[in-house]
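The values are calculated or read from the model by the stated rules, or taken from the named source; none is laboratory data. Just so it is clear, the model here is predicted, and its values are computed rather than measured. With ideal geometry, Cβ positions are generated from the backbone for all residues, glycine too; neighbour counts draw on all protein chains shown. To get the accessible areas, we keep the full protein, side chains included, count just its heavy atoms, and leave off ligands, DNA and RNA. Shrake-Rupley method; radii C 1.70, N 1.55, O 1.52, S 1.80 Å.
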Amino acid sequence: MPLLNKVRTAVSGGAGGDTATRSLSRLRSALTLFFALDGFLFAGWVVRIPAVKEQTGASAGDLGLALLGVSAGAVVTMTLTGRLCRRYGSHAVTVATAVLLSLSVALPALTRSPLALGLVLLVFGAAYGGINVAMNSAAVDVVTALRRPVMPSFHAAFSLGGMLGAGLGGLLAGSLSPTAHLLGLTVAGLALTAAAGPVLLRRPSPAPPEALPAPPTASGTRPGAPAPRRTVLVFGLIALCTAYGEGALADWGALHLTQDLHAHPGVAAAGYSVFALTMTAGRLSGTALLERLGQTRTLVAGGATAAAGMLLGALAPTVWAALLGFAVTGLGLANIFPVAVARAGALAGPGGVATASTLGYGGMLLGPPSIGFLADWFSLPAALTTVAVLAAGAAVMGYRARDAQAVRTA
């Protein structure tokens, strides 16, 4: 019996099914921990940026240039990590980049100049970009082996880790120096990697179940033909549209509430929190939603919901209506990025994940400055409506790419 038949039998509950199911369950749990670790470490660093700025004596401009190191390191590494995953396996690359991320998160607190800060943030950004591509590639393999759309659960773990990291960092900011805090994150990161890493290193990526015959597509693409690169790029653009909105709300949501709607600072600060909470809730329920609606309907419904929510959030005349709009936007955007990355990975493996992740991360970088320029030319509410436009665009692209077929083979 061919190997793929054995894998399929095991997963479906035949001979060896219990063993295979337990193995996949342990693999999924370990990978979920790495997603949570990624969000936890990144959020822990973000909340200490003001203290590190003061420590290095950086001006606002100097800090902005230094923070570009994170972006530059991430984008460059994302383009290379797909090749590393194909050569060494996504599990080994995930563990290696988790170690590097855990070590590098402590480096910013050891710097005393903006130049040194920018250089160490290049390393931190490289590790951050690398682990995002590697663990998403590993997650795509698990999703394929399980035959269940569980990708949103991994991204929910990232969101939960980020909320925990930010909350803990806020509590510790008044009592711990940046050095002590970030070194503590290093210790925690290495400990969690040591606990979950062996599970990944002992298990190769699960072989995909034997493919079922694919029906002819509406576009006339022959089943089994190589996936066109432009289709992978489409899913990357869908990821970009999602990340654009997330970056825009993170940097401009609170300012919109205070400047345009005259909200109390405490209420304004809750704007992004509401968005993040509903996004996390949407991802926690994402698997059930995908099983009920399918990927295309989830993309279309999510994009349409986010567009409506952001129009309300940007143009509402009252604070509470705007907060409701932010909440609806979070629900709408929640599962678009995970689905886009999963579809790109199913079409083109680690290279597809790298492409979608790079474009998605680019959207998060593009959002805040684009909103700023448009706010200068028009107004901040008008600028925020671009989030709705891109969310609607993601819905349209998701519908047009509905016939894309996964063609990965053993």
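Descriptive notes on the structure:
- Considering each residue of the stretch 34-48 in turn, at least one proves to be within 21 Å of Leu160 (Cβ to Cβ) and among the basic types (Lys, Arg).
- Meets criteria (open to solvent by 30 Å² or more (accessible area, probe 1.4 Å) and either assigned to a helix (DSSP H, G or I) or over 21 Å from Gln295 (Cβ atoms) (or both)) for Thr355: no
- Flag if Ala395 is in contact (Cβ under 8 Å) with a residue 40 or more places away in the chain, over 15 Å from the mean Cα position of the chain (by Cα) and part of a helix (DSSP H, G or I): yes
- Every pair of residues 6+ apart whose Cβ atoms lie under 6 Å, when the first sits in the stretch 281-304 and is on the phi < 0 side of the Ramachandran plot and charged (D, E, K, R) while the second is open to solvent by less than 50 Å² (accessible area, probe 1.4 Å) and in a loop (DSSP other than H, G, I, E, B): Arg283/Ala334
- Of everything listed in (1) at pLDDT below 90; (2) open to solvent by 20 Å² or more (accessible area, probe 1.4 Å), the single unmet condition for Leu311 is (1).
Conditions (1) touching a Gly at 6+ places or on another chain (Cβ under 6 Å); (2) under 19 Å from Leu365 (Cβ atoms); (3) touching a residue at least 40 places away in the same chain (Cβ under 8 Å), marked per residue:
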{"residue": "Thr81", "(1), (2), (3)": "yes, yes, yes"}
{"residue": "Ser90", "(1), (2), (3)": "no, no, yes"}
{"residue": "Thr94", "(1), (2), (3)": "no, no, yes"}
{"residue": "Leu103", "(1), (2), (3)": "no, no, yes"}
{"residue": "Leu110", "(1), (2), (3)": "no, no, yes"}
{"residue": "Pro114", "(1), (2), (3)": "no, no, yes"}
{"residue": "Ile131", "(1), (2), (3)": "no, yes, yes"}
{"residue": "Ala134", "(1), (2), (3)": "no, no, yes"}
{"residue": "Val143", "(1), (2), (3)": "no, no, yes"}
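- When residues of the stretch 290-303 are limited to those that are surrounded by fewer than 20 Cβ atoms within 10 Å (Cβ to Cβ) and not β-branched (Val, Ile, Thr), the one nearest to Gln259 (Cα to Cα): Ala301
- Whichever residue in the stretch 26-67 is among the acidic types (Asp, Glu) and over 29 Å from Met151 (Cα atoms) and, among such residues, is modelled with the lowest pLDDT: Asp62
- Leading residue by the ranking (nearest to Thr111 (Cα to Cα)) among those in the stretch 142-158 that are open to solvent by 20 Å² or more (accessible area, probe 1.4 Å) and assigned to a helix (DSSP H, G or I): Phe158
- Options Ala74, Ala58; residue that is open to solvent by less than 60 Å² (accessible area, probe 1.4 Å), assigned to a loop (DSSP other than H, G, I, E, B) and touching a residue at least 24 places away in the same chain (Cβ under 8 Å): Ala58
- Within the stretch 77-96, the set of residues being open to solvent by 50 Å² or more (accessible area, probe 1.4 Å) and over 17 Å from the mean Cα position of the chain (by Cα) comprises Leu80, Arg83, Leu84, Arg86, Arg87, Tyr88, Ala96.
Residue-wise test of (1) at pLDDT 90 or above; (2) surrounded by fewer than 20 Cβ atoms within 10 Å (Cβ to Cβ).
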{"site": "Thr258", "(1), (2)": "no, yes"}
{"site": "Val274", "(1), (2)": "no, no"}
{"site": "Arg283", "(1), (2)": "yes, no"}
{"site": "Thr305", "(1), (2)": "yes, no"}
{"site": "Trp320", "(1), (2)": "yes, yes"}
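- Within the stretch 167-185, the set of residues being touching a residue at least 24 places away in the same chain (Cβ under 8 Å) and either part of a loop (DSSP other than H, G, I, E, B) or crowded, with 19+ Cβ neighbours inside 10 Å (or both) comprises Gly169, Ala173, Ser177, Pro178, His181, Leu182, Leu185.
- Here Thr296, Thr305, Thr329 are screened, and the one residue that is β-branched (Val, Ile, Thr), in a helix (DSSP H, G or I) and out of contact with any Phe, Trp or Tyr (no Cβ under 8 Å at 6 or more places or on another chain) is Thr305.
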